[in-house]
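The structure appears right after this line, and notes come after that.
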Amino acid sequence: MLLDDHNFRKTLGCFPTGVTVMTTSGKDGAATGVTISAFSSLSLSPPLVLFCLDKKTSCLDAFLDGHFGVNILAQDQKAVSVAFARRSGDKWQGIAQRRGVTGIPLLEGCVACLECKVVQVVDGGDHKVIIGQVEHLESDDAKLPLLYFRGDYSRIGDAV
């Protein structure tokens, strides 16, 4: 198989990922968010996570310092993922939200939410890798996550 952008993306799509929406507040206090599948735990001690954000993302600067929220979407939140994946428009319209302990916006109805403080930003090709230390977390064990697999949304059991 030829190693080009299309085949690279197609091959990596064989690895199912959870779907998250990263949220934060800009310097003007306005809530912003973006759908991300490139999210991972990094360390237990200290509790660190990371996510990758394309350098062309319009809200990139809002995530480079301060706090951010990791909203791990539930399987019934595909519409939320689609809303925050849009490049323009009011992503928050009709989306239930609240302010977290750190004051950042968090989404309602998620499998889990983490509130993190940015501790490092690393250059990663056409992306920035943003590392955050978890300061607060919550989860709902009754919910199942929304997945992304082979270029489409999926649910546990559907991807088999």
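The values are calculated or read from the model by the stated rules, or taken from the named source; none is laboratory data. Nothing here was measured: the structure is a model prediction, and the numbers come from that model. Note that we place each Cβ from the backbone using ideal geometry, even for glycine, and neighbour counts take in every protein chain shown. These accessible areas exclude ligands, DNA and RNA; they are computed on the full protein's heavy atoms, side chains included. Shrake-Rupley method; radii C 1.70, N 1.55, O 1.52, S 1.80 Å.
Out of the residues in the range 73-87 that are assigned to a loop (DSSP other than H, G, I, E, B) and touching a residue at least 12 places away in the same chain (Cβ under 8 Å), which is most open to solvent (accessible area, probe 1.4 Å)?
Taking the range 73-87 first, the residues assigned to a loop (DSSP other than H, G, I, E, B) are 73, 75-77, 86-87.
Narrowing the set further to residues that are touching a residue at least 12 places away in the same chain (Cβ under 8 Å) leaves 73, 75-77, 87.
Working: 73: 0, 75: 48, 76: 118, 77: 14, 87: 219 Å².
That would be 87.
Given 35, 57, 23, which one is under 28 Å from residue 157 (Cα atoms) and in contact with a strand residue (DSSP E or B) (Cβ under 8 Å, 6 or more places away or on another chain)? Spell out how you get there, then give the answer.
On the way: 57 fails: under 28 Å from residue 157 (Cα atoms); 23 fails: under 28 Å from residue 157 (Cα atoms).
Among 35, 57, 23, only 35 is under 28 Å from residue 157 (Cα atoms) and in contact with a strand residue (DSSP E or B) (Cβ under 8 Å, 6 or more places away or on another chain).
Restricting to the range 117-148, count the residues that are assigned to a strand (DSSP E or B) and open to solvent by 40 Å² or more (accessible area, probe 1.4 Å). So that I can check it myself, show each step before the final result.
Of the range 117-148, the ones assigned to a strand (DSSP E or B) are 117-124, 127-139, 145-148.
Now restrict to residues that are open to solvent by 40 Å² or more (accessible area, probe 1.4 Å): 117, 119-123, 127-128, 133, 135-139, 148.
Residues flagged as assigned to a strand (DSSP E or B) and open to solvent by 40 Å² or more (accessible area, probe 1.4 Å) within the range 117-148 amount to 15.
With (1) of a type in the set (A, V, I, L, M, F, W, C); (2) within 16 Å of residue 118 (Cβ to Cβ); (3) at pLDDT 95 or above as the list, and residue 44 as the residue in question, which single condition is left unmet?
With respect to (1) of a type in the set (A, V, I, L, M, F, W, C); (2) within 16 Å of residue 118 (Cβ to Cβ); (3) at pLDDT 95 or above, residue 44 is out only on (2).
Collect the residues in the range 105-116 that are within 14 Å of the chain's Cα centre (by Cα) and either open to solvent by 10 Å² or more (accessible area, probe 1.4 Å) or among the basic types (Lys, Arg) (or both), keeping them in residue-number order. It would help to see each step written out before you state the result.
Initial filter on the range 105-116 (within 14 Å of the chain's Cα centre (by Cα)): 105-107, 110-116.
Hits for the range 105-116 are 110, 111, 112, 114.
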